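Data block below; observations after.
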Amino acid sequence: MGKGSMTSLILNNPNQDASVRAASQFCTDFCRDDSQQKYILGRNIYSECVAKQVKVDGFIDDYTSDYEYLGRPVVKLAAVPKNALILNVAGGQPLSAKQRLDDEGLRNLDYFSFYRLSGLPLTEMRFNEGFENEFSQNKEKYEWIYSLLQDDNSREVFKKLVSFRLEYDIAHLEGFTWKEDVQYFEDFLNLDADGETFIDVGCYNGFTSLEFIKRAPNYSAIHVFEPESDNYQNCLSSLSDHKNVHFHNFGLSRNKATLKLDAQGSGSRVSEDGTVSISVDKLDDVLSDAPTFIKMDIEGEEMAAIEGARNTIIKHHPRLAISVYHKPGDFWQIPKLVLSMRDDYDIYMRHYTECIYETVMFFMPKK
(Lines give C-alpha, C1' and ligand atoms only; values in the text may rest on other atoms or scores of the structure.)
Protein backbone atom coordinates (compact mmCIF):
# COMPACT_ATOMS: atom_id res chain seq x y z
CA MET A 1 0.00 0.00 0.00
CA GLY A 2 1.37 3.41 -0.89
CA LYS A 3 1.13 6.36 1.40
CA GLY A 4 -1.60 8.06 -0.61
CA SER A 5 -4.00 10.60 0.87
CA MET A 6 -5.04 9.99 4.44
CA THR A 7 -8.51 11.52 4.13
CA SER A 8 -9.28 9.35 1.09
CA LEU A 9 -8.16 6.29 3.05
CA ILE A 10 -10.25 6.78 6.20
CA LEU A 11 -11.66 3.34 6.80
CA ASN A 12 -15.23 2.36 5.96
CA ASN A 13 -17.19 -0.38 7.66
CA PRO A 14 -18.55 -2.57 4.81
CA ASN A 15 -21.38 -3.73 7.06
CA GLN A 16 -22.19 -0.25 8.30
CA ASP A 17 -25.82 -0.05 7.14
CA ALA A 18 -26.80 -3.35 8.74
CA SER A 19 -24.86 -2.65 11.93
CA VAL A 20 -26.39 0.83 12.26
CA ARG A 21 -29.90 -0.59 11.89
CA ALA A 22 -29.26 -3.23 14.54
CA ALA A 23 -27.60 -0.72 16.86
CA SER A 24 -30.40 1.81 16.41
CA GLN A 25 -32.99 -0.83 17.30
CA PHE A 26 -31.00 -1.78 20.39
CA CYS A 27 -30.92 1.87 21.45
CA THR A 28 -34.69 2.17 21.02
CA ASP A 29 -35.34 -0.98 23.02
CA PHE A 30 -32.83 -0.12 25.74
CA CYS A 31 -34.15 3.41 26.22
CA ARG A 32 -37.89 2.83 25.83
CA ASP A 33 -38.92 -0.79 26.27
CA ASP A 34 -39.68 -1.21 29.97
CA SER A 35 -40.62 -4.86 29.48
CA GLN A 36 -36.96 -5.73 28.76
CA GLN A 37 -34.44 -6.41 31.49
CA LYS A 38 -31.43 -4.16 31.03
CA TYR A 39 -27.92 -4.41 32.41
CA ILE A 40 -24.72 -2.43 32.04
CA LEU A 41 -21.44 -4.33 31.73
CA GLY A 42 -18.81 -2.33 33.58
CA ARG A 43 -18.68 0.50 36.09
CA ASN A 44 -17.13 3.81 35.10
CA ILE A 45 -17.99 7.35 34.02
CA TYR A 46 -19.99 5.97 31.08
CA SER A 47 -22.15 3.66 33.18
CA GLU A 48 -22.85 6.45 35.67
CA CYS A 49 -24.02 8.74 32.88
CA VAL A 50 -26.32 6.12 31.33
CA ALA A 51 -27.79 5.04 34.68
CA LYS A 52 -28.89 8.60 35.38
CA GLN A 53 -31.06 8.54 32.26
CA VAL A 54 -32.15 4.95 31.77
CA LYS A 55 -33.61 2.64 34.40
CA VAL A 56 -31.43 -0.47 34.46
CA ASP A 57 -31.83 -3.67 36.43
CA GLY A 58 -28.21 -3.90 37.48
CA PHE A 59 -24.52 -3.81 36.64
CA ILE A 60 -22.37 -6.74 35.55
CA ASP A 61 -18.96 -7.07 37.15
CA ASP A 62 -17.29 -10.45 37.57
CA TYR A 63 -14.25 -8.96 39.28
CA THR A 64 -15.71 -7.42 42.42
CA SER A 65 -17.19 -8.44 45.75
CA ASP A 66 -19.55 -5.45 45.71
CA TYR A 67 -23.26 -6.21 45.74
CA GLU A 68 -24.56 -2.76 44.90
CA TYR A 69 -23.63 0.20 42.72
CA LEU A 70 -25.60 3.43 42.29
CA GLY A 71 -28.42 1.84 44.24
CA ARG A 72 -28.74 -1.15 41.92
CA PRO A 73 -27.51 -4.75 42.15
CA VAL A 74 -24.08 -5.81 40.97
CA VAL A 75 -24.29 -9.29 39.44
CA LYS A 76 -22.09 -11.82 37.71
CA LEU A 77 -22.51 -12.39 33.98
CA ALA A 78 -23.65 -15.96 34.56
CA ALA A 79 -26.66 -14.65 36.51
CA VAL A 80 -27.95 -12.40 33.71
CA PRO A 81 -31.11 -13.63 31.93
CA LYS A 82 -30.46 -14.70 28.34
CA ASN A 83 -33.12 -12.34 27.01
CA ALA A 84 -31.67 -9.26 28.72
CA LEU A 85 -30.20 -6.28 26.90
CA ILE A 86 -26.59 -5.57 27.78
CA LEU A 87 -24.90 -2.20 27.27
CA ASN A 88 -21.13 -2.78 27.12
CA VAL A 89 -19.33 0.22 28.62
CA ALA A 90 -15.87 -1.38 28.76
CA GLY A 91 -13.77 1.62 27.82
CA GLY A 92 -10.40 -0.10 27.54
CA GLN A 93 -11.34 -3.52 26.14
CA PRO A 94 -14.60 -3.12 24.21
CA LEU A 95 -13.74 -5.85 21.68
CA SER A 96 -12.98 -8.49 24.29
CA ALA A 97 -16.10 -7.58 26.26
CA LYS A 98 -18.24 -7.77 23.13
CA GLN A 99 -16.80 -11.17 22.23
CA ARG A 100 -17.59 -12.43 25.71
CA LEU A 101 -21.20 -11.23 25.48
CA ASP A 102 -21.58 -12.65 21.98
CA ASP A 103 -20.25 -16.01 23.17
CA GLU A 104 -22.96 -16.02 25.85
CA GLY A 105 -25.62 -15.33 23.22
CA LEU A 106 -26.59 -12.04 24.81
CA ARG A 107 -27.93 -9.11 22.80
CA ASN A 108 -25.48 -6.29 23.40
CA LEU A 109 -24.16 -2.97 22.15
CA ASP A 110 -21.00 -1.02 22.91
CA TYR A 111 -21.16 2.38 24.59
CA PHE A 112 -19.59 4.18 21.64
CA SER A 113 -22.37 3.16 19.24
CA PHE A 114 -24.90 3.96 21.97
CA TYR A 115 -23.36 7.41 22.35
CA ARG A 116 -23.63 7.99 18.60
CA LEU A 117 -27.15 6.66 18.05
CA SER A 118 -29.21 6.84 21.25
CA GLY A 119 -29.91 10.56 21.15
CA LEU A 120 -29.17 10.85 24.86
CA PRO A 121 -26.84 13.56 26.22
CA LEU A 122 -24.01 11.19 27.14
CA THR A 123 -20.41 11.54 28.27
CA GLU A 124 -18.05 11.87 25.32
CA MET A 125 -15.32 9.28 24.89
CA ARG A 126 -12.47 10.05 27.27
CA PHE A 127 -9.44 11.61 25.55
CA ASN A 128 -11.58 12.28 22.47
CA GLU A 129 -13.30 15.45 23.66
CA GLY A 130 -13.53 17.88 20.75
CA PHE A 131 -11.72 15.65 18.26
CA GLU A 132 -14.26 15.94 15.44
CA ASN A 133 -14.05 19.73 15.42
CA GLU A 134 -10.26 19.67 15.81
CA PHE A 135 -9.92 17.29 12.87
CA SER A 136 -12.24 19.28 10.60
CA GLN A 137 -10.22 22.44 11.21
CA ASN A 138 -6.82 20.79 10.66
CA LYS A 139 -7.25 18.14 7.97
CA GLU A 140 -4.13 19.29 6.16
CA LYS A 141 -2.11 18.77 9.35
CA TYR A 142 -3.35 15.18 9.57
CA GLU A 143 -2.48 14.69 5.91
CA TRP A 144 0.98 16.06 6.62
CA ILE A 145 1.83 13.75 9.51
CA TYR A 146 0.27 10.76 7.75
CA SER A 147 2.61 11.38 4.81
CA LEU A 148 5.62 11.25 7.15
CA LEU A 149 4.84 7.91 8.79
CA GLN A 150 7.53 5.40 7.91
CA ASP A 151 5.74 2.08 7.50
CA ASP A 152 2.43 0.46 6.64
CA ASN A 153 1.85 -0.52 10.25
CA SER A 154 2.06 3.12 11.35
CA ARG A 155 -0.28 4.27 8.60
CA GLU A 156 -2.82 1.55 9.36
CA VAL A 157 -2.79 2.42 13.08
CA PHE A 158 -3.27 6.08 12.20
CA LYS A 159 -6.22 5.39 9.88
CA LYS A 160 -7.96 3.10 12.33
CA LEU A 161 -7.67 5.52 15.23
CA VAL A 162 -8.73 8.60 13.27
CA SER A 163 -11.68 6.68 11.82
CA PHE A 164 -12.81 5.45 15.23
CA ARG A 165 -12.35 8.83 16.87
CA LEU A 166 -14.58 10.38 14.20
CA GLU A 167 -17.22 7.66 13.81
CA TYR A 168 -17.36 5.86 17.18
CA ASP A 169 -17.60 2.54 15.30
CA ILE A 170 -15.64 -0.22 17.05
CA ALA A 171 -15.33 -2.06 13.73
CA HIS A 172 -12.40 0.29 13.13
CA LEU A 173 -10.66 -1.17 16.18
CA GLU A 174 -10.61 -4.73 14.85
CA GLY A 175 -7.09 -6.13 15.01
CA PHE A 176 -6.07 -4.09 18.04
CA THR A 177 -5.29 -6.07 21.19
CA TRP A 178 -4.16 -5.30 24.72
CA LYS A 179 -0.37 -5.40 24.72
CA GLU A 180 0.75 -2.81 27.22
CA ASP A 181 3.32 -5.33 28.43
CA VAL A 182 5.46 -4.53 25.36
CA GLN A 183 4.57 -0.85 25.10
CA TYR A 184 7.44 1.48 24.12
CA PHE A 185 9.80 -1.33 23.10
CA GLU A 186 9.61 -1.94 19.36
CA ASP A 187 12.29 -3.78 17.41
CA PHE A 188 13.13 -0.70 15.35
CA LEU A 189 14.48 1.00 18.50
CA ASN A 190 17.58 -1.21 18.17
CA LEU A 191 18.47 -0.76 21.82
CA ASP A 192 22.07 -1.60 22.62
CA ALA A 193 22.76 -3.94 25.52
CA ASP A 194 25.53 -1.57 26.59
CA GLY A 195 25.69 2.14 27.26
CA GLU A 196 22.07 3.32 26.89
CA THR A 197 20.74 6.18 29.04
CA PHE A 198 16.97 6.03 29.53
CA ILE A 199 14.71 8.90 30.66
CA ASP A 200 11.39 7.58 32.02
CA VAL A 201 9.02 10.55 32.24
CA GLY A 202 5.88 9.45 34.06
CA CYS A 203 7.44 6.43 35.71
CA TYR A 204 4.22 5.44 37.58
CA ASN A 205 5.31 2.13 39.18
CA GLY A 206 8.64 1.53 37.48
CA PHE A 207 7.39 -1.14 35.05
CA THR A 208 8.69 0.58 31.91
CA SER A 209 12.14 1.09 33.40
CA LEU A 210 12.26 -2.58 34.39
CA GLU A 211 11.41 -3.52 30.82
CA PHE A 212 14.17 -1.24 29.60
CA ILE A 213 16.65 -2.98 31.91
CA LYS A 214 15.73 -6.36 30.41
CA ARG A 215 16.59 -5.06 26.96
CA ALA A 216 19.64 -2.96 27.84
CA PRO A 217 21.11 -4.68 30.92
CA ASN A 218 24.45 -2.87 30.78
CA TYR A 219 22.91 0.60 30.60
CA SER A 220 24.78 3.70 31.69
CA ALA A 221 21.97 5.38 33.61
CA ILE A 222 18.23 5.61 34.13
CA HIS A 223 16.45 8.78 35.23
CA VAL A 224 12.86 8.40 36.43
CA PHE A 225 10.52 11.34 36.89
CA GLU A 226 7.35 10.85 38.94
CA PRO A 227 5.68 13.73 40.83
CA GLU A 228 2.85 11.85 42.57
CA SER A 229 3.99 10.63 45.98
CA ASP A 230 2.42 7.16 46.01
CA ASN A 231 3.59 6.44 42.48
CA TYR A 232 7.06 7.70 43.40
CA GLN A 233 7.25 5.30 46.33
CA ASN A 234 6.29 2.46 43.98
CA CYS A 235 9.14 3.49 41.67
CA LEU A 236 11.57 3.44 44.57
CA SER A 237 10.38 0.00 45.65
CA SER A 238 10.67 -1.55 42.21
CA LEU A 239 13.92 0.05 41.07
CA SER A 240 16.08 0.78 44.13
CA ASP A 241 18.03 -2.46 43.83
CA HIS A 242 19.26 -1.53 40.35
CA LYS A 243 22.44 0.40 39.73
CA ASN A 244 22.67 3.94 38.40
CA VAL A 245 18.96 4.72 38.72
CA HIS A 246 18.33 8.36 39.56
CA PHE A 247 14.97 9.20 41.15
CA HIS A 248 13.32 12.58 40.66
CA ASN A 249 10.19 13.26 42.71
CA PHE A 250 8.90 15.94 40.36
CA GLY A 251 7.44 16.18 36.89
CA LEU A 252 8.70 17.78 33.71
CA SER A 253 7.28 20.83 31.98
CA ARG A 254 8.33 23.95 30.07
CA ASN A 255 9.26 25.87 33.24
CA LYS A 256 10.03 25.33 36.91
CA ALA A 257 6.70 25.64 38.75
CA THR A 258 4.29 24.25 41.34
CA LEU A 259 1.12 22.79 39.83
CA LYS A 260 -2.06 21.08 41.04
CA LEU A 261 -2.46 17.36 40.39
CA ASP A 262 -5.65 15.31 40.24
CA ALA A 263 -4.19 12.11 41.72
CA GLN A 264 -5.72 9.02 40.06
CA GLY A 265 -2.94 6.45 40.07
CA SER A 266 -1.76 5.81 36.50
CA GLY A 267 -4.22 8.47 35.30
CA SER A 268 -2.97 11.28 37.54
CA ARG A 269 -3.01 14.55 35.64
CA VAL A 270 -2.39 18.25 36.04
CA SER A 271 -5.65 20.07 36.74
CA GLU A 272 -6.69 23.41 38.23
CA ASP A 273 -9.12 21.38 40.35
CA GLY A 274 -6.40 19.04 41.60
CA THR A 275 -6.00 18.49 45.32
CA VAL A 276 -2.29 17.65 45.37
CA SER A 277 0.55 20.13 44.78
CA ILE A 278 3.48 18.90 42.70
CA SER A 279 6.74 20.39 41.48
CA VAL A 280 7.78 20.43 37.84
CA ASP A 281 10.96 21.55 36.10
CA LYS A 282 12.64 21.62 32.69
CA LEU A 283 14.56 18.54 31.62
CA ASP A 284 17.18 20.88 30.14
CA ASP A 285 17.86 22.28 33.62
CA VAL A 286 18.00 19.06 35.65
CA LEU A 287 19.75 16.52 33.41
CA SER A 288 23.51 16.31 33.04
CA ASP A 289 23.66 12.91 31.31
CA ALA A 290 23.33 12.49 27.55
CA PRO A 291 20.09 10.53 26.96
CA THR A 292 19.78 7.94 24.21
CA PHE A 293 16.07 7.17 24.75
CA ILE A 294 13.32 9.34 26.25
CA LYS A 295 9.83 8.03 26.99
CA MET A 296 6.96 10.35 27.99
CA ASP A 297 3.47 9.42 29.16
CA ILE A 298 2.22 12.23 31.39
CA GLU A 299 -1.52 12.51 30.82
CA GLY A 300 -1.59 15.39 28.36
CA GLU A 301 1.45 17.36 29.53
CA GLU A 302 3.73 15.92 26.86
CA MET A 303 3.90 19.13 24.80
CA ALA A 304 5.05 21.17 27.80
CA ALA A 305 7.67 18.57 28.76
CA ILE A 306 9.02 18.42 25.20
CA GLU A 307 9.35 22.20 25.16
CA GLY A 308 11.36 21.97 28.38
CA ALA A 309 13.64 19.37 26.75
CA ARG A 310 14.42 21.44 23.65
CA ASN A 311 18.17 21.81 24.25
CA THR A 312 18.50 18.16 25.26
CA ILE A 313 16.81 17.00 22.06
CA ILE A 314 18.80 19.35 19.85
CA LYS A 315 22.14 18.48 21.42
CA HIS A 316 21.83 14.72 21.96
CA HIS A 317 19.27 13.61 19.31
CA PRO A 318 17.81 10.80 21.45
CA ARG A 319 15.17 8.31 20.37
CA LEU A 320 11.77 9.50 21.59
CA ALA A 321 8.63 7.52 22.52
CA ILE A 322 5.82 10.00 23.20
CA SER A 323 2.20 9.26 24.12
CA VAL A 324 -0.07 11.03 21.63
CA TYR A 325 -3.60 10.11 22.72
CA HIS A 326 -4.47 12.44 25.59
CA LYS A 327 -5.54 15.57 23.70
CA PRO A 328 -7.14 16.36 20.33
CA GLY A 329 -4.35 17.50 18.05
CA ASP A 330 -1.63 15.39 19.66
CA PHE A 331 -1.27 13.35 16.46
CA TRP A 332 0.13 16.36 14.59
CA GLN A 333 1.02 18.97 17.21
CA ILE A 334 3.56 16.77 19.00
CA PRO A 335 5.49 15.80 15.84
CA LYS A 336 5.36 19.39 14.61
CA LEU A 337 7.00 20.50 17.85
CA VAL A 338 9.67 17.77 17.79
CA LEU A 339 10.52 18.41 14.13
CA SER A 340 10.80 22.14 14.80
CA MET A 341 13.73 21.25 17.06
CA ARG A 342 15.32 18.66 14.79
CA ASP A 343 13.95 17.64 11.41
CA ASP A 344 16.17 14.56 11.13
CA TYR A 345 13.77 12.06 12.73
CA ASP A 346 11.84 9.17 11.17
CA ILE A 347 8.36 8.77 12.68
CA TYR A 348 6.50 5.58 13.58
CA MET A 349 3.19 5.03 15.37
CA ARG A 350 2.11 2.02 17.42
CA HIS A 351 -0.97 1.27 19.53
CA TYR A 352 -1.30 -0.99 22.58
CA THR A 353 -4.98 -1.33 23.59
CA GLU A 354 -8.39 -2.11 22.09
CA CYS A 355 -9.56 1.49 22.38
CA ILE A 356 -7.92 4.92 21.92
CA TYR A 357 -5.70 4.67 25.00
CA GLU A 358 -1.96 4.05 24.75
CA THR A 359 -1.02 5.35 21.32
CA VAL A 360 2.71 6.05 21.08
CA MET A 361 4.60 8.02 18.44
CA PHE A 362 8.26 7.10 18.03
CA PHE A 363 10.91 9.48 16.73
CA MET A 364 13.94 7.64 15.45
CA PRO A 365 17.11 9.55 14.51
CA LYS A 366 17.70 9.36 10.78
CA LYS A 367 20.78 7.40 9.87
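Pairing residues of the stretch 214-240 that are in the same structural domain as GLN183 (by TED's automatic domain parsing) with residues that are among the acidic types (Asp, Glu) and buried (at least 18 other Cβ atoms within 10 Å of the Cβ), at Cβ distances under 6 Å and at least 6 apart in sequence or on separate chains, gives ALA216/GLU196; TYR219/GLU196; VAL224/ASP200; TYR232/GLU226; CYS235/GLU226.
Do we have VAL157 as touching a His at 6+ places or on another chain (Cβ under 6 Å), in a helix (DSSP H, G or I) and either of a type in the set (Ser, Thr, Tyr) or touching a residue at least 40 places away in the same chain (Cβ under 8 Å) (or both) here? Yes: the conditions hold for VAL157.
Among the residues of the stretch 200-209, is there at least one that is of a type in the set (A, V, I, L, M), on the phi < 0 side of the Ramachandran plot and out of contact with any Phe, Trp or Tyr (no Cβ under 7 Å at 6 or more places or on another chain)?
Keep residues of the stretch 200-209 that are of a type in the set (A, V, I, L, M), which gives 201.
Filter again for on the phi < 0 side of the Ramachandran plot, leaving 201.
The next check asks that each one be out of contact with any Phe, Trp or Tyr (no Cβ under 7 Å at 6 or more places or on another chain); those that pass are none.
Among the residues of the stretch 200-209, not one is of a type in the set (A, V, I, L, M), on the phi < 0 side of the Ramachandran plot and out of contact with any Phe, Trp or Tyr (no Cβ under 7 Å at 6 or more places or on another chain), which makes the answer no.
Given SER268, SER229, SER220, SER237, which one is surrounded by fewer than 18 Cβ atoms within 10 Å (Cβ to Cβ) and modelled with pLDDT under 95? Testing whether each residue is surrounded by fewer than 18 Cβ atoms within 10 Å (Cβ to Cβ) and modelled with pLDDT under 95 leaves just SER229.
So that you can scan it fast, the table gives a plain yes or no per residue for (1) assigned by TED's automatic domain parsing to the domain that holds ASP330; (2) in contact with a helix residue (DSSP H, G or I) (Cβ under 7 Å, 6 or more places away or on another chain); (3) farther than 30 Å from LYS366 by Cα; (4) surrounded by fewer than 16 Cβ atoms within 10 Å (Cβ to Cβ):
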{"site": "TYR111", "(1), (2), (3), (4)": "no, yes, yes, no"}
{"site": "PHE127", "(1), (2), (3), (4)": "no, no, yes, no"}
{"site": "PHE135", "(1), (2), (3), (4)": "no, yes, no, no"}
{"site": "TRP144", "(1), (2), (3), (4)": "no, yes, no, yes"}
{"site": "LEU149", "(1), (2), (3), (4)": "no, yes, no, no"}
{"site": "ASN153", "(1), (2), (3), (4)": "no, no, no, yes"}
{"site": "GLU156", "(1), (2), (3), (4)": "no, no, no, no"}
{"site": "ARG165", "(1), (2), (3), (4)": "no, yes, yes, no"}
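Confirm whether ARG100 is in a helix (DSSP H, G or I) and either under 27 Å from GLY202 (Cα atoms) or under 19 Å from the mean Cα position of the chain (by Cα) (or both). I'd like the intermediate steps shown before the answer.
Values: in a helix (DSSP H, G or I): yes; either under 27 Å from GLY202 (Cα atoms) or under 19 Å from the mean Cα position of the chain (by Cα) (or both): no.
Here the answer is no, as ARG100 does not meet what is asked.
Being in contact (Cβ under 8 Å) with a residue 60 or more places away in the chain and in a helix (DSSP H, G or I) holds for only one residue in PHE135, PHE127, and it is PHE135.
The residues of the stretch 206-239 that are over 20 Å from ASP194 (Cα atoms) and more than 23 Å from the chain's Cα centre (by Cα), listed by number, are GLN233, LEU236, SER237, SER238.
The values are calculated or read from the model by the stated rules, or taken from the named source; none is laboratory data. Not measured: the values here are computed from a predicted model. Every residue, glycine among them, receives a Cβ derived from its backbone with ideal geometry; neighbour counts consider all protein chains shown.
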